[in-house]
Amino acid sequence: MPAAMSEWLRRGATAVAVSRIGVGVVAFAAPALVSRAWVGGAGGGPSGRVLGRALGGRDLALGLGALAALRLQSASRRAMVWDAALSAAPLPVAGPASVPVRPDADPESPQSPESAVAAVYGEAPLPDPAPPSPSGPFGPAGSGPAAVWVGLAALADGLDLLTTARAWHELPPLQRWLVALSSGGAAAVGAAAAAVLLTGSASQPGTETMP
């Protein structure tokens, strides 16, 4: 998957998480408003307010968890980009003319500056620093928690869509289409973003532009 598309999906998942937090806050403050937006006038009673507040608690928890995990994953990616850039930067070494050579060394044998230093001081040259591995048990740059949180949020949206579809003819026309479109779109974006995070298709360290 192109890096631009992966970044778009990650930003989309972030926007969905922020929107979910907003819905959760509104549902806690005015639960009847959220429940009526789903089931119509029946959501304004005591039972609807209880269910609306419970829905808000679920969305608030999922939104905060997904947003925190995405921010942590983004910070880990930036840190790995810097580590990869620093490890790839050439280190200043002394030129061959400034490195003393042992008297018994073969003058015709090619020597790098590092090998010459090792010959003089009797030490093995230091190995080149290996770049940090972009992969972990759950994908690059610690993206496992982000993939789990985003995937769980997408699952919740998919279940909302399924619930709405099962009661399609019992719900008001405007509300059912509003919930179906919003939950279906959020589920699609979340599922795609979770797949990108989990499989490591997101941009790898060294391939993205630093802000």
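Throughout, read-outs are computed from the coordinates displayed, never taken from laboratory work. Fair warning: this is a prediction, and the values are worked out from it, not measured in the lab. Positions of Cβ are backbone-derived with ideal geometry, glycine not excepted, and every protein chain shown enters the neighbour counts.
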Inset, instruction - Would you mind getting me the FRET efficiency between Ala30 and Ala4? Use the beta-carbon distance for r and R0 = 25 Å, nearest 0.05. - result: 0.05
Inset, instruction - Please turn the phi angles of the stretch 23-36 into ³J(HN,Hα) values with the Karplus equation 6.51 cos²θ - 1.76 cosθ + 1.60 (θ = phi - 60°), one per residue in order, whole Hz, x for glycine and proline. - result: 4, x, 5, 5, 5, 6, 6, 9, x, 5, 5, 6, 5, 5
Inset, instruction - Give the relative contact order (percent, whole number) for the stretch 20-81; include only Cα pairs under 8 Å separated by 6+ residues. - result: 38 percent
Legend entry - Phi to ³J(HN,Hα) by Karplus 6.51 cos²θ - 1.76 cosθ + 1.60 over the stretch 150-166, Hz, x for Gly, Pro: 5, x, 5, 5, 5, 5, 4, 5, x, 5, 4, 5, 5, 4, 5, 5, 5
Legend entry - For the stretch 48-58, Karplus couplings with θ = phi - 60° (6.51, -1.76, 1.60), whole Hz, Gly/Pro x: x, 5, 5, 5, x, 5, 5, 4, x, x, 5
Legend entry - Added length on full extension, which subtracts the Cα-Cα distance from 0.36 nm per residue, Ala180 to Ala42: 47.8 nm
Legend entry - Per-peptide average of other Cβ atoms within 10 Å, ordering 145-151, 41-47 highest first: 145-151, 41-47
Inset, instruction - Using R₀ = 25 Å, calculate the FRET efficiency as 1/(1 + (r/R₀)^6) where r is the Cβ-Cβ separation of Thr199 and Ala15; round to 0.05. - result: 0.70
